[in-house]
Amino acid sequence: MNILVCVKRVPATGGTIVLTADEQEIDTRYLGFTVSPHEECAVEEAVRIVEARGGTSTVLTLGPAAAEDQLRDALAVGIERGVLLETDGSDWDAVATAGAIVDAVKSQESAAAPFDLLLFGNEAADTGDYQVGIRVAAGLDLPVVIGAKAIEILDGAVRVRREAAGGGWEIYEVPLPAVVAVKEGINLPRYPSVPGRLRARKKEIERMTPERRAGGPEKLRLRLPVEHHQAAEILGSGPDAAPRVVEVLQKLGVIAS
Amino acid sequence: MILTLVEQTNGQPDRLSLETLALARRLGSGLGAPVHAVLFGTGARDAAADLGRHGVGVAHVVEHERLDAYAPAAWAAALAQLMSGAKVVLAAGSERGNEVMAHVGAQTGLPMAANCTDVSPRDSFGLVRQRWAGSLLEDARLDGDMRLLTVAPHAVAVEESAGPAATIETFRPELTDRDLRVRVVGRVEAEKGKISLADARVVVGGGRGVGGPEAFGILEELAGLLGAAVGVSRVATSAGWRPHSDQIGQTGLRIAPDLYIACGISGAIQHIVGCKAAKRILVINKDADAPIMGRAAYAVIGDLHTVVPAISAEIRRVRANGAAAGRG
């Protein structure tokens, strides 16, 4: 199996989001960077499939030079090769991002072997466009399944399990090569080992300059949502509050009064 | 025309699709364009019958012998065949809604704005969309003669009003093998009798403060008494205490119950975006300064391990008294 996994560098926002003065970006001066939990799981899944079936794995990102850190994080847990589509760090929309990834996949495949499986996170943590994997699949004329909570490699095909809206599971089965967008919960990603980190630090990262296509929507500015914070009505402290809680549950009609 | 994908289950339009129709109707009156709906699957005709009250003029019921199961690219192909002349094509920001609209975008080469909370139908087509699952908003502009977008869950209220019934038209799309490459080939049904977290009116949530998988028993007990579902924050799934399908948050479910009882949850952004659409939040937490307090309508300051069982016991006591009074 020859697997490509795509990740995106995003700030680790944690508590409160602060914007830059021009309202174009998150102020990241005091923040670390990471990738979405979905993508951590996509990386882990790629490593596991190659461990089980042999083959090679490649991690690719489109982002600023510093996104090399996120590639090395993936190399540290067992991905073999890293490819950086280097940008000036500005936002690329889903159309532009997918176009650049399609170009890169074609050039990688002409230089080496074709990919059997292309893994994405279900959606990027920051822009949440829900479409890069689907657009890449269309650009490469490959089948695509999103929302994957389990992946099983069959002979020349992949079976994917996805949560159904009303509970239960949907099963998809598509021929390889294919694109699969995974969701957190598909696995529990491992931590990098110290030797893994050292190995990752020494590896060569392949750099390419992507061509940017026109897309949309066009970002005008970012802003924080207006939140209607309220002072909570304190019902009491400790187990003694139980009667007041039950009164409230009755008042709300949650239990019969 | 404003073309809206309406998802339905057993003949009932999904709530998120009705929210989407409320925005579609607003766009329709702003642009002077009628609202059309597109429905797929068994029950589509029944669901379509009721859409006049949500501002739909024409409901296209898609019928095709090869569309017995969900097939995202085929749904998108059908939409693309219906949308000529449409000013806006939109769907709910549900898993399928985002998926189908992404396919429409990929098939047509048009951009698609996911999870919009508001759209202004003026010339520049200004829109507001969610980033970070709604912790951040983006003002954006979408150019072109035809705009593709999805509507963020619970960002727009359902609007119903008396109106003429929608005209129902059957549509038979041209589908290729390629459109049908990806389709649902099997299903595993949900556990019988389990209350779905996505639809529950009351949800009991547990986080880091629960401390381990065993202590979820007291949350399950309270949920059982309230007819509620149990959900968790990301910590509880990452630690392997609970299955990931129970996770509420950015990488899990977004819920909108009448009451959310958050136990031992501090309120990281990742979790808040999943529960902030709840009508009311009751917080049970040792820390009176936990960030989630800012979201709480009611709070009990204390250790959930003693507070939650006390609430369950009190509910039982009140019910037993009520039953005794009823007999007397």
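Just so you know, all these numbers are worked out from the coordinates, no wet-lab data involved. Just so we're clear, the structure is a prediction, and the values are computed from it rather than from any experiment. Positions of Cβ are generated from backbone atoms using ideal geometry, with glycine treated the same way; all protein chains shown enter the neighbour counts.
Structure data summary
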read-out	value
For segment B:1-110, the Rg and Dmax computed from alpha carbons only, in angstrom	12.6, 38
Gain on full stretching of the segment that runs from B:A165 to B:R317 - 0.36 nm per residue minus C-alpha separation	49.7 nm
Prolate/oblate/rounded call for segment B:31-81, Cα gyration tensor, a/c under 1.5 rounded	oblate
Ranking of B:L31, A:L198 by count of other Cβ atoms within 10 Å, fewest first	A:L198, B:L31
Aspartates and glutamates with Cα under 14 Å of A:K202, excluding same-chain neighbours fewer than 8 positions away	A:E68, A:D69, A:D73, A:E80
Under 14 Å from the B:V158 label point (7 Å along Cα→beta-carbon), backbone N, segment B:1-20	B:7-20
Descending principal axes extents, segment A:100-257, alpha-carbon based, whole Å	71, 42, 41
Computed magnitude of the charge dipole of segment A:140-252 (debye, nearest 20; Cβ of K, R +1, Cβ of D, E -1)	720 debye
Within-14-Å neighbourhood charge of B:I292 [Cβ basis; K, R +1; D, E -1]	+3
Residues B:E138, B:E174, sorted so that the one with the fewest Cβ neighbours within 10 Å comes first	B:E174, B:E138
Partner lysines for A:K106 [C-alpha distance under 24 Å; skip if fewer than 8 residues away on the same chain]	A:K8, A:K203
Net +/- balance of residues flanking A:V174 in space, Cβ distance below 15 Å, scoring K and R +1, D and E -1	-3
Eligible lysines near B:K87 by straight Cα distance, threshold 22 Å, same-chain separation 8 or greater	A:K219
Cα shape, the protein assembly as shown, gyration tensor, a/c 1.5 rule	oblate
Inter-probe distance in nm under a simple model that places probes 7 Å from Cα toward Cβ, at B:T9 and A:D91	3.2 nm
Net charge contributed by nearby residues that have their C-beta within less than 11 Å of A:R199 (K/R +1, D/E -1)	+4
Shape metrics for segment B:178-317, restricted to C-alpha atoms - Rg then Dmax, Å	15.8, 61
